[in-house]
Structures are given as structure tokens and as C-alpha cells.
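Comments concern the structure below.
The values are calculated or read from the model by the stated rules, or taken from the named source; none is laboratory data. All figures in this text were calculated on a predicted structure; none of them were measured in a lab. Quick reminder, even Gly has a Cβ in these numbers, built from the backbone with ideal geometry, and neighbours come from all protein chains shown. In case anyone asks, the SASA skips ligands and DNA or RNA and just uses the protein heavy atoms, side chains included. Shrake-Rupley method; radii C 1.70, N 1.55, O 1.52, S 1.80 Å.
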Amino acid sequence: MTGPEQHQRIRGAFKAAFGEPELVVRGPGRVNLIGEHTDFNMGFVLPAAVDKAIWLALRPREDDLCRFRAVDLDASFETRLPELAPSDLRWPNYLLGVYSELAADGHGLRGVDCVFGGDVPIGSGMSSSAALECAFAFGLNELFGLGYGRQDLARLGQRAENRFVGVNCGIMDQFASVLGQSRRLIRLDCRDLSHQFIPFEDPGLLLVLCDTRVRRSLATGGEYNARRAQCEAGAASLRARHPEVQSLRDATLELLEAHRAELDPLVFKRCAYIVRENQRVLDACQSLAAGDVEAFGQRMNESHAGLRDEYEVSCPELDLLAARAQSLPGVLGSRMMGAGFGGCTINLVREAELERFEAGMAEVYRRELRTEPLIHVCRLTGGTEIAEEGALRV
Ligand code: GLA
């Protein structure tokens, strides 16, 4: 289904449930080329918004009722704002968390009717949650004239996820979803949110996702928070001797080695991965600027190895897809993407070799994973926006 068709589908579902919507917002999913789990260590990432998105239709209400409908889950939820509390259903929490953060900012808002759905697969590592919470924040900002800028909305989405959903995520996903630009990667410094948009428009190079179909279980929210805690424990140990180490972003491999004996071996391994991954992002960006896409792809491959062996957030299906991709002609780099434990690999593939890539991957899907291939060529799009009927900015 195309973007305009998704838009019509969600608009139609809103009409059927509640009448005419006032606004439809498109919130894109994201990819990340390199820099995994570096965001909450105040490091560097290289994401982009893509042409898989959530569409969200909205109309403000005169009272304090909120009525939500998740079309793809065929589920509905209602609550009154004074009774705002996390729901066991989980999906409403991405929306309620936004209201909760707006209330914390001092906004006493009216309720809304909201219908959403789209084609960012849930749990695929493409950040359907950030797309949803930021699209909702963007929509409320428009409807109620709250005056938040794009970076504020990204931070608000992150706070909603940290405090209401309970995942201690960094800023990458929300930033990429809200601030993405067509045909651009975002080189983001997560310490101060300074960023550069890097052109990615060589028609000879494609970003291709291979979805394992393995979905992160609820338990992996715990794994994610556990990794973050290990990184913070490592940074705190280093900081005790070296106050300038505010986060692992400020650490070097030499410094880590010098304090190896004081660190739990597992914490050491996690920290070593983060320090190396940060450097890989910087090196990869330099390679890209120099037009050396082979070197860029090498850094992607190394990133996968680090996530698999040192940081330990991969899974057998991701390893299999990455290893096969890396062996195919025309594949510059392949790695797991996102939080891990399932979801997609991201592959940098020469356009001329796309067919051979798809055939090679289809074989491994069928023979080893015993499933049909699920492969998506991404286009890089603009960030969260009011969706005009019939239009998708690419
Ligand atoms: C999830 C989080 C992000 C980031 C990635 C891993 O997508 O939401 O903040 O930490 O995992 O890079």
C-alpha cells in the first residue's frame, strides 16, 4: 500500500468511528546506518526517516475524554484525562505518555479522538513507537497551538517513552522521526543535539532492510534497560577517577584498559563496544564524505560483530542474515539495526546488484529460516508532518 493509500485508509477509519478528522499527521519510522546504543551514552548516530510511517487522524474534543483506535490491532481505548494512568494494553501508553508530559509542562488540555495505523512493523527495530508518540505530540501541538519546536517535540516523545512506557531509550528515534529530511542522513551528536544533514542520493546505492520476522519480546525492554545500566555503571567507575568522563562518549579504549581491573568483566565488554562504536560512526562519516563507500560498509560490518560479540544484543536470525549478505557481491555492508534481539538487518547494496541480493537472501530465508523473504528497499523521507491528501514528500 502506498503512502497516500495509507492516509486514505486511516482517514476512512476515523470517519467511520468518529466523523470528519481535523488533522492527519504522518510520522515516519527510521533506519540507522551506524551507531547503535550510542545515543544514551551521549555519543554519535547516523539515522534517517524512511517511507514506512504511522498515519494518525485527530480531532479535538470539548470535554476531557480521549478515544483512541488502533486500526491495525483492531483495538479501541477510552479514558478521561483526570484519570490518566498507564494501561495494561500498552499501546495506549505511547499516546497517554504524551498527554502526561504535556501536563507536566503545565498544559491543561482537552481530550481528542484519535485513529492511527500504518506500515512500520511493530518490534522490527524501525521505531514504530517513536513514530507514534511523536506524531501524536506533533498533532496536539498543532491542534492546541502549544508552540513546541521540532527538537522540543522529539525530546517530549522521548520523555513519554522513558517515564510512561518505561523504556529508558535515548533520543535517536524521536529525533530522526521528527527532524528527518528527504534524501538525507542525520549525523547527530546526542550530547547536545548538534547535527548535520548528509546527502544520500547516489541512485547507485540502496538501503535495504531484511526483516527476520523475530519480534522483540516484552522481556527485551528489560534487556535494553540492563545494557543502559551496565554502560552507566562503567562510566560512573571511570568518572570516580576522571571527573571529565561524563559518559562513555568521553572515554577512550586506553582509559578503559587502564581501569580494566576495577570493572566487572561484562561491564568492560559493554563499554569497549560503545567506545569502539562511537569511533566507527565518526570514521564512517569521514569515509562517506570522501566518497569511500567500501570503507563505510566495512564499519557497518564491524558494528554488527561488536553488537553480536561484545554488546550481545543480536540473535541467530540476525547473524545469519548479516553473514549471508556480507558474502554477496554488491553488498558494501550489513548489520543488525536498532535495539536488537530481532527486527531487521540494514544493508548497503549497489543498485546494479539488487536482484542478485534479493535472490541470495531469499535462499537463506527459505532454506535456513524456513520463511518467505521480507525485504524492503527504503527511501529517505522528511520528518513528521501534516499529511496532505495524496502527497508523500520524498
Ligand atoms: C532503540 C532506542 C534508541 C537506541 C536504539 C539502539 O531504538 O529507542 O534510543 O538506543 O534502540 O541504538
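Just subtract the alpha-carbon distance of Ala240 and Ala305 from 0.36 nm times their residue separation and send over the number in nm, one decimal.
Between Ala240 and Ala305, full extension yields an extra 20.4 nm.
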Expressed as a whole-number percentage, the relative contact order of the stretch 215-355 with C-alpha contacts under 8 angstrom and at least six residues apart is 19 percent
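Can you divide the C-alpha Rg of the stretch 96-144 by 2.2 N^0.38 Å and report the result to two decimal places? All intermediate terms of the calculation are to be shown ahead of the outcome.
Values: Rg = 12.1 Å, N = 49, 2.2 N^0.38 = 9.7 Å.
Here the answer is 1.26, to two decimals.
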Carbon and sulfur atoms: what percent of the 1.4 Å accessible area of the stretch 14-110 do they account for? 45 percent
Using a simple spin-label model with points 7 Å from Cα along the Cα→Cβ vector, what separation in nm is obtained for Glu351 and Asp292? 2.5 nm
In Å, what Rg and Dmax follow from the Cα atoms of the stretch 1-149? 15.5, 46
From the Cα centre of the stretch 8-41 to that of the stretch 175-251, the distance in Å is 20 Å
In the stretch 275-394, what percent of the accessible surface is made up of carbon and sulfur (1.4 Å probe, ligands and nucleic acids excluded)? 45 percent
Distribution of pairwise C-alpha distances over the stretch 257-374, 5 Å bins, in %: 2, 12, 19, 20, 19, 13, 9, 4, 2, 1, 0
Skip the ligands, DNA and RNA, and give the accessible area per residue of the chain with a 1.4 Å probe, whole Å². 40 Å²
Once fully extended, how much extra length lies between Asp88 and Glu223, figured as 0.36 nm per residue of separation less the alpha-carbon to alpha-carbon distance? 46.6 nm
Helix 265-289 axis, angle to the chain major axis (alpha carbon atoms, nearest 10°): 80 degrees
Suppose accessible area is computed on protein heavy atoms with a 1.4 Å probe; arrange Leu84, Leu348 from highest to lowest. Leu84, Leu348
Going by average Cβ density within 10 Å per residue, which order do the peptides 120-128, 62-70 take, highest to lowest? 120-128, 62-70
Residue by residue, what Karplus-based ³J(HN,Hα) values in Hz, rounded to whole numbers, does the stretch 357-368 have, using 6.51, -1.76 and 1.60 with θ = phi - 60° and x for Gly and Pro? 4, 4, 5, x, 6, 4, 5, 5, 4, 6, 6, 9
Principal axis extents for the stretch 117-222, Cα atoms only, whole Å, descending order, please. 43, 34, 30
For the chain, report the translational diffusion coefficient in µm²/s to the nearest whole number, using Stokes-Einstein at 20 °C, 1.002 mPa s, and a Kirkwood Rh over Cα pairs. 100 µm²/s
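By per-residue mean of other Cβ atoms within 10 Å, what is the highest-first order of 328-336, 174-182, 160-168?
174-182, 328-336, 160-168
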Residue order for His107, His7 - accessible surface, 1.4 angstrom probe, largest first: His107, His7
Write down Rg/Rh for the stretch 45-132, rounded to two decimals, with Rg from the C-alpha atoms and Rh from the Kirkwood relation over Cα pairs. 0.99
Along the Cα→Cβ direction, 7 angstrom out, place labels at Arg367 and Ala233. What is the inter-label distance in nm? 4.2 nm
If packing is taken as the average count of other Cβ atoms within 10 Å, what order do 87-98, 289-300 fall into, highest mean first? 87-98, 289-300
Please check: in the Gaussian network model of the chain (C-alpha springs, under 10 Å), which one of Gly117, Gly43, Gly147 has the largest mean-square fluctuation. Gly147
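With both bridge residues required to lie in the chain, what share of the DSSP beta bridges run antiparallel, to the nearest 5%?
That works out to approximately 90 percent antiparallel.
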Phi-derived 3J(HN,Hα) across the stretch 89-102 with the Karplus relation (6.51, -1.76, 1.60, θ = phi - 60°), rounded Hz, x for Gly and Pro, is 5, 6, 4, x, 5, 5, 8, 4, x, 5, 4, 4, 6, 5
Report the relative contact order of the chain, percent, no decimals, based on alpha-carbon pairs under 8 angstrom and at least 6 residues apart. 24 percent
What helix-only [θ] at 222 nm does the chain give? Using -39500 (n - 2.57) per DSSP H run of at least 4, over all residues, to the nearest 500, the answer is -13000 deg cm²/dmol
What number, in percent, do you get for the relative contact order of the stretch 273-354 if the mean sequence gap of Cα pairs under 8 Å and at least 6 apart is divided by its residue count? 25 percent
